[in-house]
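Reading through the structure tokens given below for one structure.
The values are calculated or read from the model by the stated rules, or taken from the named source; none is laboratory data. Because the structure is a prediction, the values reported are computed rather than measured. Ideal geometry is used to build each Cβ from the backbone, glycine not excepted, and the neighbour counts take in all protein chains shown. Quick note on the areas: whole protein, heavy atoms, side chains included, nothing else; ligands and nucleic acids left out. Shrake-Rupley method; radii C 1.70, N 1.55, O 1.52, S 1.80 Å.
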Amino acid sequence: MMKKVNFIIAIATFNRIDNLKVVIDSILNQKLKKNVNLEVVISNSCSTDETSSFLESLKTNNQFHIHNNSEKIPKNTLSQFINFENLSKTIPEYADWVWWLGDDDKLVNNNSVQCVVDTIMENDEDDLTFVHACSARRSSKKKNKVKDSIFNLCQEFGYHEMLGWCSSIVMKGNAIKNILASSSRNKIYLDGETQKAVSCFIHSFYILKNYHNKIGIFLDYPLVDNQVFGQTE
């Protein structure tokens, strides 16, 4: 009998209702083996578009775990880190593995999740903690799987390449909950010289700090990508 895997896709969202619908469709279209239990966790902090009402409509589906907060973000508070904190609290304790997807990204194949799960099952060991699910644009298309410590993967392929883009990050459930909670600790920003350093990539720091010696896999398959390219101002 194949081992059952509770696989969670976690999304923090803010004012991107159209993009959010696209990424959810890409998740619901996944083809999975019977041993994979796929669930979706979404945290919405203070969106002012139709995100809140859309998420309320999803609550009747047991596949979804929703944190839908309409309260205003306090002054001098970084909203994305509020979202990270709420996402950490909403991911269920029974999550075996969590794929952290951006709300403006998407899974590019209907077997993206199964490809990741198969890789995890083929390399099932206590220290396996991290999988880098490659961006379709960044993949060499050679379908290589490189297994090493997270530190060595960063040394070989680049720190930012491995850990920077959240939508390539798949981690054990307890690890990603810890990373999200740790990343939200410095959510208050101040004017002047009293401010502690704040980085958009603080999650990368905590992954490397806490799990550098754990085993990771660089999965060089085209699995996930941006919905649109380029950045707004």
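Looking across Val224, Val228, one residue alone is out of contact with any Lys or Arg (no Cβ under 9 Å at 6 or more places or on another chain) and either at pLDDT below 90 or within 30 Å of Lys147 (Cβ to Cβ) (or both). It is Val228.
Considering Glu71, Glu50, Glu56, Glu39, the condition of being at pLDDT below 95 and closer than 20 Å to Lys106 by Cα is satisfied by Glu50 alone.
Mind checking which residues of the range 104-150 are acidic (Asp, Glu) and touching a strand residue (DSSP E or B) at 6+ places or on another chain (Cβ under 6 Å)?
Filtering the range 104-150 for residues acidic (Asp, Glu) gives 104-105, 118, 122, 124-127, 148.
Those that are acidic (Asp, Glu) and touching a strand residue (DSSP E or B) at 6+ places or on another chain (Cβ under 6 Å): Asp105, Asp127.
Among the residues of the range 1-10, is any closer than 30 Å to Met121 by Cα, part of a helix (DSSP H, G or I) and of a type in the set (Lys, Arg)? For the range 1-10, residues closer than 30 Å to Met121 by Cα, part of a helix (DSSP H, G or I) and of a type in the set (Lys, Arg): absent.
Which residue out of Gly173, Gly102 is within 23 Å of Asn35 (Cα to Cα), among the small types (Gly, Ala, Ser) and within 13 Å of the chain's Cα centre (by Cα)? Of Gly173, Gly102, the one residue that is within 23 Å of Asn35 (Cα to Cα), among the small types (Gly, Ala, Ser) and within 13 Å of the chain's Cα centre (by Cα) is Gly173.
For the range 183-201, check the following and say yes or no: at least one residue is of a type outside the set (Phe, Trp, Tyr), at pLDDT 90 or above and either surrounded by 14 or more Cβ atoms within 10 Å (Cβ to Cβ) or touching a Leu at 6+ places or on another chain (Cβ under 8 Å) (or both). Checking the range 183-201: not a single residue is of a type outside the set (Phe, Trp, Tyr), at pLDDT 90 or above and either surrounded by 14 or more Cβ atoms within 10 Å (Cβ to Cβ) or touching a Leu at 6+ places or on another chain (Cβ under 8 Å) (or both). Cβ-Cβ distances below 8 Å connect the following pairs, each with a first residue in the range 49-75 that is within 12 Å of Ile11 (Cβ to Cβ), a second residue that is at pLDDT 95 or above and part of a loop (DSSP other than H, G, I, E, B), and a separation of six or more residues or different chains: His65/Ile91; His65/Pro92.
Check the range 160-180 and report whether any residue there is over 26 Å from Asn6 (Cβ atoms) and either open to solvent by less than 20 Å² (accessible area, probe 1.4 Å) or modelled with pLDDT under 90 (or both). Break it down stepwise before answering.
The initial filter retains those residues of the range 160-180 that are over 26 Å from Asn6 (Cβ atoms), namely 160-161, 164.
Adding the requirement that they be either open to solvent by less than 20 Å² (accessible area, probe 1.4 Å) or modelled with pLDDT under 90 (or both) leaves 164.
Within the range 160-180 (the criterion being over 26 Å from Asn6 (Cβ atoms) and either open to solvent by less than 20 Å² (accessible area, probe 1.4 Å) or modelled with pLDDT under 90 (or both)), the answer is yes, since at least one residue qualifies.
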